[in-house]
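Notes follow once the structure below has been shown.
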Amino acid sequence: MSLLGRRGAPVDWLIVGLGNPGAEYAGTPHNVGFEAADRLAARWDFGKPKSKYRGLITEGRAGQPAIGLATLPIPRVAILLPQTYMNDSGRSVGPARGELKVEPDHIIVLHDEIDLPFGEVRARLGGGLAGHNGLKSIKAALGTADFHRVRIGVGRPDSTDPDKVAAYVLGKFRESKADVEALIDSAADAAMQLLS
């Protein structure tokens, strides 16, 4: 399948930022997927998101053609922030994917990853879910794990105790604001590379 021009599809790609709704979760490692997706929407000057698919969604063209490359098509992208809470993200992604007619291999999920050191970002198609409940929910809704992930390293606490891990990802970042901003930029860059 070509990367662009799928007939009858409203968008070429669906980018999903994972997080939890509500001001109390802003600025936490668990919401770094929301932050990276917002960064992409700002870079591409997408409009204000609207409520749909149990989430907030905005769409537009992913950038401008480079000088001299104006004939290359620019992908049309929808950015979705599920408002279902992380563990039920599939309840938002499934309906969006269906109505937007996006194949799973044209979905990019941006999410926190405690098994990567803070600052490390990795992208891949498919693979294991590493116990991430948001990814499990999306796999269940799509019927496959063959979607792209941008794994955003937030590090982990010195404990495997589930309560301590939850407190870590739901607490505020311990790193500097500049380091967090650099991490968000790196994650947005990784998603942009997948589009090309």
Handout entry: Average accessible surface area per residue within segment 80-186, 1.4 Å rolling probe, Å²
Key = 46 Å²
Exercise for the section: Work through the residues other than residue 78 whose Cβ is under 13 Å from its Cβ and net out their charges, Lys, Arg +1 and Asp, Glu -1. Expected result: +3
Practice task
May I ask you to give the percent of accessible area on the chain that is carbon plus sulfur, with a probe radius of 1.4 Å?
Solution key: 51 percent
Practice task
Using the Kyte-Doolittle scale, find the helices of the chain whose mean hydropathy is at least -0.5 and whose Cα atoms extend 27 Å or more along the helix's long axis, counting only whole DSSP H runs.
Solution key: 177-195
Handout entry: Mean separation of Cα contacts under 8 Å, 6 or more apart, over the residue count of segment 72-171: relative contact order %
Key = 34 percent
Problem - FRET efficiency, residue 159 to residue 193 (Cβ-Cβ, R0 41 Å, nearest 0.05) - result: 0.75
Problem - Full-stretch length increase - residue 45, residue 144 - with 0.36 nm per residue and alpha-carbon distance subtracted - result: 32.5 nm
Practice task
About the Cα centre of segment 100-190, how large is the charge dipole given +1 on each Lys and Arg Cβ and -1 on each Asp and Glu Cβ? Please answer in debye to the nearest 20.
Solution key: 240 debye
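The values are calculated or read from the model by the stated rules, or taken from the named source; none is laboratory data. Just so it is clear, the model here is predicted, and its values are computed rather than measured. Every residue, glycine among them, receives a Cβ derived from its backbone with ideal geometry; neighbour counts consider all protein chains shown. These accessible areas exclude ligands, DNA and RNA; they are computed on the full protein's heavy atoms, side chains included. Shrake-Rupley method; radii C 1.70, N 1.55, O 1.52, S 1.80 Å.
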